[in-house]
Amino acid sequence: MGELVGKTALVTGGTSGIGRAAAAALAREGAQVLISGRSEERGAEAVEAITADGGEAEFIRADLTSPKDVRALAARASEVDILVNNAGVFPGGPTHELPESAFDETFAVNVKAPFYLTAAIAPRMAARASGTIINVTTMVAEFGMAGLSAYGASKAATALLTKAWAAEYGPHGVRVNAVSPGPTLTPGTKAMGDGFAAIVSTIPLGRAARPEEIAEVILFLASDRASYLNGAVVPVDGGRVAV
Ligand code: NAP
């Protein structure tokens with residue numbers, strides 16, 4: 001316990017689901033956690049829950065589709081030891097029905113914002129020869145799934161960026177890895193209804209994940225226990241990409 005005492009972390013999308021569970025897990029181990037999101041209300045709830053558990057957290061409002069907000073968030077969090085690029089959107093539906101605005105939002109939140117947050121924060125980690133970045137991708141970046149083309153493509157970009165950044169910043173003492181979750185019960189997936197159940201039915205373990213099960217792997221990747229892991233995209237998907 002307390003393996004992250006003295007460390008600071010930024011968890012984007014820490015107001016909900018996987019990000020909220022990851023922020024709680026990092027704080028439980030002693031990290032001071034910055035949580036970003038758009039919703040002041042959910043941000044306050046997440047901070048309150050962490051504080052009630054004895055941890056330290058602060059909410060920063062930032063809309064990751066806004067380059068100005070991304071720059072402000074990067075400036076505020078420039079010295080963090082741990083960056084978790086978790087915020088994401090996952091619009092579903094046929095390719096020919098996806099509005100251009102949804103495509104643009106998906107790539108802005110899932111690819112462009114992590115890119116520029118990392119561009120601002122990784123060099124500061126490299127200068128200290130210390131720090132770690134964890135991206136959150138998805139199992140559907142690993143194989144084709146009808147109805148999730150833009151989402152899968154955006155996360156495939158994130159998976160590749162994980163490897164590119166591991167090559168770029170690894171020599172400077174910064175580890176960059178990713179978790180690749182399977183279907184996870186979060187406020188975001190609640191809205192998916194039958195589509196979510198259909199995905200869950202393809203999982204060898206026969207169930208969806210709890211956010212805490214993904215957060216546990218994020219915590220491991222953030223800790224020194226993962227000191228020789230760099231450039232890994234770790235499946236946390238109940239066995240889905242194995243079959
Ligand atoms: P969620 O419950 O929908 O939460 C999404 C988070 O992203 C929220 O905290 C939200 O914050 C933030 N966010 C979305 N758009 C944003 C924007 N424009 N600006 C700033 N923040 C924004 O999602 P989740 O299910 O926990 O998913 C978290 C991550 O895991 C995503 O990257 C997702 O692709 C990935 N993932 C999820 C699953 C799954 O089954 N749940 C599976 C594989 C991968 P606000 O609403 O406060 O803005």
Surface/4 estimate of mean projected area, convex hull on alpha-carbon atoms of the range 151-212, nm²: 5.5
√(5λ) per eigenvalue of the Cα gyration tensor, the range 1-98, largest first, Å: 25, 15, 12
About the Cα centre, charge dipole magnitude for the chain (Lys/Arg +1, Asp/Glu -1 at Cβ), debye: 420
Cα lying deepest toward the dipole's positive end in the chain, options Leu10, Leu161, Leu26, charges on Cβ: Leu161
Dipole magnitude (debye, nearest 20) for the range 46-97, charges at Cβ of Lys, Arg, Asp, Glu: 280
Quarter of the Cα convex hull surface for the range 99-223, i.e. its orientation-mean projected area (nm²): 8.4
Principal axis dimensions, the range 106-150 - Cα atoms, whole angstrom, descending: 44, 18, 9
Cα-based reach from Lys7 at 18 Å (exclusive), listing aspartates and glutamates while leaving out same-chain residues under 8 positions away: Glu29, Asp53, Glu56, Glu58, Glu79, Asp81, Glu216, Asp224
Cβ-based charge dipole, the chain, positive-most Cα from Ala74, Ser201, His96: Ala74
Normalised contact order of the chain, rounded percent, pairs of Cα under 8 Å and 6 or more residues apart: 19
Dimensionless Rg ratio for the chain, taking C-alpha atoms and the 2.2 N^0.38 Å reference: 0.94
Mean-position separation - Cα centroids, the range 186-243 and the range 1-41, in angstrom: 18
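Taken together, the values in this text are just the output of simple stated rules run on the coordinates, not laboratory data. Being a predicted model, the structure only gives us computed values, none of them experimental. Virtual Cβ from ideal backbone geometry, glycine too; neighbours counted across all protein chains shown.
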